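Scroll down for the structure; my scribbles are underneath it.
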Amino acid sequence: MDSKSMNDIQKEVDTYIGQFKEGYFSPLAMMARISEEVGELAREINHTYGEKPKKSSEKEKKIEEELGDVMFVLICLANSLNIDLEESHNLVMDKFNTRDKDRWTRIKE
């Protein structure tokens, strides 16, 4: 499988959404969708690692699929707001590597 940069992924999602007249939903609607998808991810994790087994009537889904759904809607939100997710990632990693650099116990090498 080919490796894609986040920029490539954002462009791929934009191309997909761009083929529809409706385009991106409003930021508030997408935030609701993210919440919905995170709930579905939580449910799958609970079924897999928690004490709550699936009902026999529930469709088999995978955590990977649910993570993909969350990521897709998050990318849609970023695209609609013209946010570069690689930049967002770099900002957060800089924060973790500076402000939070001594927050956790490091593994001794």
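Just a few scattered comments:
- Glu86-Lys21 FRET efficiency (beta carbon distance; Förster radius 22 Å; 0.05 resolution): 0.15
- ³J(HN,Hα) computed for each position of region 38-50 - Karplus, 6.51 cos²θ - 1.76 cosθ + 1.60, integer Hz, glycine/proline x: 5, x, 5, 5, 4, 4, 5, 5, 4, 5, 7, 10, x
- Here the Gaussian network model covers the chain, with springs between Cα atoms less than 10 Å apart; of Asn82, Asn97, Asn46, Asn97 fluctuates the most.
- Lysine pair count for the chain [Cα-Cα under 29 Å; pairs on different chains or 8 or more apart]: 13
- Kirkwood hydrodynamic radius of the chain, from the reciprocal of the average inverse Cα-Cα distance over all distinct pairs: 16.6 Å.
- Amide N of region 44-79 lying under 12 Å from the label point, which is placed 7 angstrom from the Cα of Asp8 along Cα→Cβ: none
Taken together, the values in this text are just the output of simple stated rules run on the coordinates, not laboratory data. On a predicted model such as this, the values are computed, not experimentally measured, just so you know. Virtual Cβ from ideal backbone geometry, glycine too; neighbours counted across all protein chains shown.
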